[in-house]
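First comes the structure, then the notes that go with it.
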Amino acid sequence: MVGEDRSCGDIVRQTLINGQSGVSLELRVRVRSARTGPELTFDAEGIPGLKWGLASAPVDGKANTELEREVASFFRVPRSRVSLLRGEKSKKKVLFISELMVEDVLARLGAKRSRGGP
């Protein structure tokens, strides 16, 4: 909705999967990118988004493997706590990071939950 106050918390949600607490993280992947890592973006209406640059090409799941490894490293969690929920063959991905809180994710991304736009 135009004019609606959207926060960075819209891209990350506290989630419970198979009895495991953690966060689900929505992002868009840029493959074969010169700049790797996360980029917090806002569109013209102030709606937040997260892009993640990867050096790998999307061949044989290499980009997905790199994404899980990079996300684990960025959020300082073991690789085994990061899993791909949706988007195996898409640029739009949803990852689950177990045993992590929304506030931890937002702090690492340098954002505040109440931030509405640029």
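Structure values in brief
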| quantity | calculated |
| --- | --- |
| Meets criteria (out of contact with any strand residue (DSSP E or B) (no Cβ under 6 Å at 6 or more places or on another chain), surrounded by fewer than 18 Cβ atoms within 10 Å (Cβ to Cβ) and touching a residue at least 60 places away in the same chain (Cβ under 8 Å)) for G61 | no |
| Identity of the residue in segment 72-118, in a helix (DSSP H, G or I), within 18 Å of S21 (Cβ to Cβ) and charged (D, E, K, R), that ends up modelled with the highest pLDDT | R81 |
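For every residue, the table says whether it meets (1) polar (S, T, N, Q); (2) assigned to a helix (DSSP H, G or I); (3) under 17 Å from E88 (Cα atoms).
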{"residue": "L27", "(1), (2), (3)": "no, no, yes"}
{"residue": "R32", "(1), (2), (3)": "no, no, yes"}
{"residue": "R35", "(1), (2), (3)": "no, no, no"}
{"residue": "L40", "(1), (2), (3)": "no, no, no"}
{"residue": "A44", "(1), (2), (3)": "no, no, no"}
{"residue": "G49", "(1), (2), (3)": "no, no, no"}
{"residue": "E66", "(1), (2), (3)": "no, yes, yes"}
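The values are calculated or read from the model by the stated rules, or taken from the named source; none is laboratory data. Predicted, not measured: the structure shown is a model, and the values here were computed from it. All Cβ positions, even for glycine, are placed from backbone atoms using ideal geometry, and neighbour counts span all protein chains on display.
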